[in-house]
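Enquirer: I'd like to ask some things about the structure below.
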Amino acid sequence: MKTFNTRKEVTEAIQLLRNQGKTIGFVPTMGALHLGHLSLIKESKKENDITVVSIFVNPIQFNNSQDLKSYPRTIETDSKQLQETGADILFYPDEKEIYPDIPTEKYEFGQLETVMEGKFREGHFNGVAVVVKRLFDICLPHKAYFGMKDFQQLAIIKKLVLKLESDIQIIPCPTIRETDGLAMSSRNTKLNNEQRRQAAIISKCLFDAKKHYKEYTVDALKKHIETQINELSEMKTEYVEIVDDINLQPISEWGSTSAMVVCIAAWAGETRLIDNLSL
Ligand code: AMP
């Protein structure tokens with residue numbers, strides 16, 4: 001695996017590979033890699049000649065400076081894992097490399113960004129869009145891999161690619177979970193033992209909802225999930241939403257849309273966890 005720290009060097013290397021007819025798969029990450037990230041890399045390796053991974057903790061997508069400061073950074077073990085998984089190129093830039101100047105781009109995503117993460121994390125998706133566009137321009141992928149764990153982010157990226165009239169193919173990848181169901185996340189390492197044990201209730205509620213949702217009205221199911229999490233654990237829900245798979249708008253009754261997704265954000269102490277499941 002080759003590691004590059006500058007835009008110029010990585011773009012030149014990838015352009016050369018493209019000129020040789022190689023296909024490029026790209027997996028953008030913020031590091032602190034786990035099996036969820038590695039599953040995206042494995043998928044890319046299956047479908048492309050070359051797999052490029054970026055590790056960049058993107059400051060402009062954090063709306064909370066403490067969260068940015070405490071975000072786990074484990075570049076040495078990340079690099080080792082990437083090597084073992086067979087990534088071909090690691091792009092590991094510093095902040096100046098991605099943002100030589102203060103970024104001023106503004107993207108509009110309409111109703112996709114007025115709910116859930118967009119509502120509770122102001123500016124988050126603009127920050128995501130800015131960095132993903134820049135990373136796409138630098139890493140020149142044919143295909144880019146994103147996890148369904150970040151369901152709303154995936155919808156935003158698909159819209160971004162449409163807006164940019166880019167021919168990069170966005171490949172959604174399923175959520176990888178711990179054995180107790182908790183969705184893998186870099187932020188899980190911030191949980192203490194008790195928080196980690198209690199966090200499994202999020203996915204338990206999602207899987208129960210998938211089985212039993214028809215026994216409730218939409219509102220009653222949301223309330224039931226909130227009660228379960230807030231009363232059976234020390235976690236606090238930020239939102240529980242049941243939304244249309246395509247436009248991400250909350251639904252009010254079953255059957256009003258063909259595909260529905262239950263989305264949860266909850267705080268375990270200072271750590272914010274998100275998860276979702278298609279019904
Ligand atoms: P992050 O490093 O958190 O920005 O995530 C980088 C990519 O990995 C994003 O596309 C995430 O959706 C994806 N990802 C994160 N956690 C998981 C998971 N548990 N399963 C599958 N993909 C994931």
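The values are calculated or read from the model by the stated rules, or taken from the named source; none is laboratory data. The structure displayed is predicted, hence computed values, not measured ones. Heads up, the Cβs are rebuilt from the backbone with ideal geometry, glycines too, and the neighbour counts pull from every protein chain shown. Keep in mind that these areas ignore ligands, DNA and RNA; they rest on the heavy atoms of the full protein, side chains included. Shrake-Rupley method; radii C 1.70, N 1.55, O 1.52, S 1.80 Å.
Enquirer: State which residue is least open to solvent (accessible area, probe 1.4 Å) when the search covers only region 204-223 and only residues that are touching a residue at least 40 places away in the same chain (Cβ under 8 Å) and more than 14 Å from E241 (Cα to Cα).
Expert: Only one residue fits best here, namely F207.
Enquirer: Okay, next question. Tell me, please, whether a residue that is assigned to a helix (DSSP H, G or I) and among the charged types (D, E, K, R) can be found in region 228-242.
Expert: Looking through region 228-242, at least one residue is assigned to a helix (DSSP H, G or I) and among the charged types (D, E, K, R).
Enquirer: Moving on to the next point. Among the residues of region 52-101, count how many are in a helix (DSSP H, G or I), under 22 Å from H124 (Cα atoms) and open to solvent by less than 70 Å² (accessible area, probe 1.4 Å).
Expert: 8
Enquirer: Let me ask another. Among the residues of region 43-51, is any under 21 Å from P174 (Cβ atoms) and either part of a strand (DSSP E or B) or of a type in the set (F, W, Y) (or both)?
Expert: Within region 43-51 (the criterion being under 21 Å from P174 (Cβ atoms) and either part of a strand (DSSP E or B) or of a type in the set (F, W, Y) (or both)), the answer is yes, since at least one residue qualifies.
Enquirer: Same structure, new question: With the condition kept exactly as written, say whether any residue in region 168-190 is assigned to a helix (DSSP H, G or I), of a type in the set (D, E) and modelled with pLDDT of 95 or more.
Expert: no
Enquirer: Answer yes if at least one residue in region 27-37 is on the phi < 0 side of the Ramachandran plot, open to solvent by 50 Å² or more (accessible area, probe 1.4 Å) and more than 9 Å from the ligand (Cβ to nearest atom), and no otherwise.
Expert: Among the residues of region 27-37, not one is on the phi < 0 side of the Ramachandran plot, open to solvent by 50 Å² or more (accessible area, probe 1.4 Å) and more than 9 Å from the ligand (Cβ to nearest atom), which makes the answer no.
Enquirer: Can you name the residue in region 141-159 that is out of contact with any strand residue (DSSP E or B) (no Cβ under 6 Å at 6 or more places or on another chain) and more than 11 Å from the ligand (Cβ to nearest atom) and, of all such residues, is most open to solvent (accessible area, probe 1.4 Å)?
Expert: Ranking the candidates gives K159 first.
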